[in-house]
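K.L.:
Following this message is one structure expressed as structure tokens.
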Amino acid sequence: MEELISVIVPVYNIDKFLNRCIQTIAGQTYKNLEIILVDDGSDDESPRICDEWKEKDNRIKVIHKTNEGPADARNVGIKNAKANYLTFVDADDYIESDLIESLYKALIENNAQISLGGYMYEDYSGKNKLRANERYIADSEEAIKRLIRNDDIYIAVWGKLYTKEIFDGIEFPSGKINEDLAITYKLFDKADRIVHLDEAKYNYVQRNGSIMHTKFKLEQTSVADFKEELLGFVEKKYPRLVKDAEKFLVVSLNWCVIATYKKKLKKEYKFYKAKLKQYIPRFLKNKEIKLKIKIKAIFIAYLGFSRFYTRKILL
């Protein structure tokens, strides 16, 4: 008999896309699923759609909760999951019919703790881009290196299958965005074997109203905070990845300084500018960081800039 797999779907005001998402999960060739829809306080038709699907498919479990963000919704899903295997699907995305079967077979055949493939990128113009290169097995260090370098392993938790046990002691940071960045490398660290497939069966949809495409919010600066945590993590456990982690961090620190300056957030601007200045000596010694990025960091941290320079030089 097939092992039970829990599919966790955080749902928030996504009624236009939700039916398609759930349909592609319910229609998987792998049938032994527990589909957990976590309604995070939606005020559109999403709660009704979730409940209607629950009536149609006894594999579906619906949890209605107050709005606390996708990180909390995912944590609730994990706590309520009964299976020994977990996967995540975002409610505005959709998956090919054999995604879960492919990930499960790869996981079991290779005695791995995480399996993943590529994904199809779909934006509001309808264009698709394939992100899948080769099939291989990686250890923790290799997977984290590819993650930091933004090679063929991506930050998002969706599109991957996990053994539930590697989430022991790891939670998404409550109330934060960019929450995937905070934990994905920690999950890789706990996995002895990570299998990467040369297939793209997850359809990642970027829409105008998504978190990634809304106007700037201060919470978005968490990307630099989480990358700084990652740098501290690899300094202790994977010193060969430090230069990659520094390169990963500098771009986000540059962005945080520029964004808070443009939004006239004086306190936050001073904070991230001081943080950038703190790292400048390290960045300058790092041969992996392009000269252009180093010059930008120096300019931002030490010389200051006007709106003209922000627009013409730094962006």
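K.L.:
Need pairs with beta-carbon distance below 8 Å; first residue under 14 Å from Arg48 (Cβ atoms) and within the range 1-18, second of a type in the set (Val, Ile, Thr); sequence gap 6+ or separate chains.
P.N.:
Between residues of the range 1-18 that are under 14 Å from Arg48 (Cβ atoms) and residues that are of a type in the set (Val, Ile, Thr), the close pairs are Val11/Val38; Asp15/Ile49; Leu18/Val11; Leu18/Ile49.
K.L.:
Take residues that are closer than 25 Å to Val9 by Cα and tell me which of the helices (runs of 4 or more DSSP H) falling wholly in the range 161-270 contain 2 or more.
P.N.:
179-190, 222-237
K.L.:
Something else now. Every residue in the range 93-122 that is in a helix (DSSP H, G or I) and under 17 Å from Asn133 (Cβ atoms), please. Please lay out each step first, then the result.
P.N.:
So in the range 93-122, the residues in a helix (DSSP H, G or I) come out as 99-109.
Selection gives Ser102, Leu103, Ala106.
K.L.:
List pairs: first in the range 247-258 and crowded, with 22+ Cβ neighbours inside 10 Å, second polar (S, T, N, Q), Cβ under 7 Å, 6+ apart or cross-chain?
P.N.:
Sorted first by the residue in the range 247-258, then by its partner, the pairs are Cys256/Thr221.
K.L.:
Can you spot a residue in the range 305-313 that is assigned to a helix (DSSP H, G or I), modelled with pLDDT of 95 or more, among the basic types (Lys, Arg) and loosely packed, with under 15 Cβ neighbours inside 10 Å?
P.N.:
First pass over the range 305-313, keeping only residues assigned to a helix (DSSP H, G or I): 307-313.
Applying the additional criterion that residues be modelled with pLDDT of 95 or more yields none.
No, the conditions are met nowhere in the range 305-313.
K.L.:
Among the residues of the range 67-75, is any more than 19 Å from Val157 (Cα to Cα) and assigned by TED's automatic domain parsing to the domain that holds Tyr104? Step through it out loud before you land on a result.
P.N.:
The first filter runs over the range 67-75 and keeps only residues more than 19 Å from Val157 (Cα to Cα), leaving 67.
Checking the rest, the ones that are also assigned by TED's automatic domain parsing to the domain that holds Tyr104 come to 67.
Yes, that holds for at least one residue.
K.L.:
Evaluate the range 153-172: report whether one residue or more is modelled with pLDDT under 90 and either surrounded by 15 or more Cβ atoms within 10 Å (Cβ to Cβ) or of a type in the set (Phe, Trp, Tyr) (or both).
P.N.:
Initial filter on the range 153-172 (modelled with pLDDT under 90): none.
No: zero hits.
K.L.:
For the range 139-147, indicate whether the set of residues that are closer than 14 Å to Lys160 by Cα and in contact (Cβ under 8 Å) with a residue 24 or more places away in the chain is non-empty.
P.N.:
Quick first cut of the range 139-147, residues closer than 14 Å to Lys160 by Cα only: 143, 147.
Cutting the leftovers down to in contact (Cβ under 8 Å) with a residue 24 or more places away in the chain gives us 143, 147.
Taking every residue of the range 139-147 in turn, at least one turns out to be closer than 14 Å to Lys160 by Cα and in contact (Cβ under 8 Å) with a residue 24 or more places away in the chain.
K.L.:
Okay, moving on. Is at least one residue of the range 266-277 of a type outside the set (Asp, Glu), under 19 Å from Asp180 (Cα atoms) and in contact (Cβ under 8 Å) with a residue 24 or more places away in the chain? Can you show your working first?
P.N.:
Narrowing the range 266-277 to residues of a type outside the set (Asp, Glu): 266-267, 269-277.
Right, trim to under 19 Å from Asp180 (Cα atoms) and you get none.
No, there is no match, as no residue in the range 266-277 is of a type outside the set (Asp, Glu), under 19 Å from Asp180 (Cα atoms) and in contact (Cβ under 8 Å) with a residue 24 or more places away in the chain.
K.L.:
Have a look at Arg74, Arg131, Arg135, Arg59 and point out the one that is loosely packed, with under 14 Cβ neighbours inside 10 Å and in contact (Cβ under 8 Å) with a residue 24 or more places away in the chain. Walk me through it before giving the result.
P.N.:
Values: Arg74 fails: loosely packed, with under 14 Cβ neighbours inside 10 Å; Arg131 fails: loosely packed, with under 14 Cβ neighbours inside 10 Å; Arg59 fails: loosely packed, with under 14 Cβ neighbours inside 10 Å.
Among Arg74, Arg131, Arg135, Arg59, only Arg135 is loosely packed, with under 14 Cβ neighbours inside 10 Å and in contact (Cβ under 8 Å) with a residue 24 or more places away in the chain.
K.L.:
Could you tell me which of the residues Asn178, Asn111 is surrounded by 14 or more Cβ atoms within 10 Å (Cβ to Cβ), at positive phi and touching an Asp or Glu at 6+ places or on another chain (Cβ under 9 Å)?
P.N.:
Values: Asn111 fails: surrounded by 14 or more Cβ atoms within 10 Å (Cβ to Cβ).
When all the criteria are applied, what remains is Asn178.
The values are calculated or read from the model by the stated rules, or taken from the named source; none is laboratory data. Given the structure is predicted, the values throughout are model-derived calculations rather than measurements. Please note: Cβ atoms are built from the backbone with ideal geometry, for glycine as well, and neighbour counts cover all protein chains shown.
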